[in-house]
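Take a look at the structure set out below.
The values are calculated or read from the model by the stated rules, or taken from the named source; none is laboratory data. Remember, predicted model here, so these are calculated numbers, not experimental data. Glycine gets a Cβ as well: all are built from the backbone with ideal geometry, and neighbour counts include every protein chain shown.
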Amino acid sequence: MRDFRFGFNFFDIKSRDDFLASCRRAEAVGYDVALVPDHLGSPAPFPTMQAAADATERLRVGTLVLNVPFWNPHLLAREVATADRLTGGRVELGLGSGHMKWEFDTAGIAWEPFRARAERLDSMIDELGALFAAPDYPERVQARAHFGLAALKPVQTSGFGGHGPPLLVGGTGDTVLRIAAARADIVGFTGAYQVKGRPPGSLRLGTAEQALERVAFVREHAGDRFGDLELNCLIQRVTVTPDRRAAAEEMVAESPHLTVEEMLETPFVLLGTEQQIAEQLLESRERYGFTNFTVHNPFMDAFAPVIERLR
């Protein structure tokens, strides 16, 4: 059984000093990876990853996840290779198909049907793998001969067929999870489901039953490679409290898509004392196979004592 890995993500940068202190504190208490989402209004992924790596000694850095339709494969390959080299091989690349329509509209990027966005994701993985594996752009040959230029490639060779950093693919739908099962090193389970009949991006928490079904789906489609996959669970909320039920009741009052019992059981929310939360994670490893857990930045400090209990 895999050891646990723990990550946190950034939605905001209050100040340079606060950001650097957060990264160093996270490394000191045992976090393994600092992650950045790809949303308008949030920090730009690659500069943030680089700053987090520069502030720390061992903390890995990554994206959870890039909106693939925002990116050109050649430009993204350059970003990834540069970051992997400058961080000394600490990058983890998370990719997704995008789900917030308003971001596409605001950025002037065409909002395509889900299947088309998923096809873009699959194609992006192919193109990045080809670019990481290719010796160089043919057009650079003369310049390389004259200036001694070498093709910029990632340092790591654990992902993309031995030519790039570890690949995480995250989502909830069948199409994206099929891609993850076939192509990824890490499969991301977000625990956020589109509310039927609501605008794209209207989300609700997933239940324990849905988590089990989604893991079983990945297991079926991954086949023999399932045992090599790392399963990531994105924790949507952490509440350290002596009264789990009261905390669940409060959450249900705010978002009534789940019952109190469902809220207490879902793996995507952690409620209780530090010991109870540690026990929840041990149960999640046994029940679902989750060993890689990411918490949102506002919960980073509250969750830190749980890491010590599980090391």
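Results for (1) surrounded by 14 or more Cβ atoms within 10 Å (Cβ to Cβ); (2) modelled with pLDDT of 95 or more; (3) among the charged types (D, E, K, R), shown as yes or no for each residue.
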site: Arg5; (1), (2), (3): yes, yes, yes
site: Phe11; (1), (2), (3): no, no, no
site: Arg16; (1), (2), (3): no, yes, yes
site: Cys23; (1), (2), (3): yes, yes, no
site: Ala34; (1), (2), (3): yes, yes, no
site: Ala44; (1), (2), (3): no, yes, no
site: Ala51; (1), (2), (3): yes, yes, no
site: Thr56; (1), (2), (3): yes, yes, no
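Taking segment 246-269 on its own, how many of its residues are touching a residue at least 12 places away in the same chain (Cβ under 8 Å) and either closer than 15 Å to Arg309 by Cα or small (Gly, Ala, Ser) (or both)? The number of residues fulfilling the criteria is 3.
Within segment 178-236, restricting attention to residues that are among the charged types (D, E, K, R) and within 20 Å of Met1 (Cα to Cα), which residue is surrounded by the fewest Cβ atoms within 10 Å (Cβ to Cβ)? Can you show your working first?
Filtering segment 178-236 down to residues among the charged types (D, E, K, R) leaves 178, 183, 185, 196, 198, 204, 209, 213-214, 219-220, 224-225, 228, 230.
Those still in the list that are within 20 Å of Met1 (Cα to Cα) too: 185, 214, 219-220, 224-225, 228, 230.
On the way: Asp185: 19, Arg214: 23, Arg219: 15, Glu220: 11, Asp224: 6, Arg225: 13, Asp228: 8, Glu230: 18.
Among them, the one singled out is Asp224.
When residues of segment 64-78 are filtered for being surrounded by fewer than 19 Cβ atoms within 10 Å (Cβ to Cβ) and either free of Cβ contacts under 8 Å to residues at least 24 places away in the same chain or touching a Phe, Trp or Tyr at 6+ places or on another chain (Cβ under 8 Å) (or both), how many remain? The total comes to 2.
For Gly171, which of the numbered conditions (1) surrounded by fewer than 19 Cβ atoms within 10 Å (Cβ to Cβ); (2) closer than 25 Å to Gly7 by Cα; (3) modelled with pLDDT under 95 fails to hold? All conditions are met except number (1). Does Val61 fit the bill of being buried (at least 21 other Cβ atoms within 10 Å of the Cβ), in contact with a strand residue (DSSP E or B) (Cβ under 9 Å, 6 or more places away or on another chain) and within 19 Å of Pro305 (Cβ to Cβ)? Spelling it out, it is not the case that Val61 is buried (at least 21 other Cβ atoms within 10 Å of the Cβ), in contact with a strand residue (DSSP E or B) (Cβ under 9 Å, 6 or more places away or on another chain) and within 19 Å of Pro305 (Cβ to Cβ).
For the residues Phe19, Phe46, the requirement of being under 19 Å from Pro298 (Cβ atoms) and aromatic (Phe, Trp, Tyr) singles out Phe19. If the condition is being polar (S, T, N, Q), touching a residue at least 24 places away in the same chain (Cβ under 8 Å) and farther than 16 Å from Gly62 by Cα, then segment 162-209 contributes Thr172, Thr175, Gln194, Thr207. Leu93 meets each of the listed conditions (1) under 18 Å from the mean Cα position of the chain (by Cα); (2) surrounded by fewer than 23 Cβ atoms within 10 Å (Cβ to Cβ); (3) over 21 Å from Gly41 (Cβ atoms) apart from (2). Note on segment 80-106: residues that are in contact with a Pro (Cβ under 8 Å, 6 or more places away or on another chain), more than 22 Å from Thr190 (Cβ to Cβ) and not in a loop (DSSP other than H, G, I, E, B) amount to 3.
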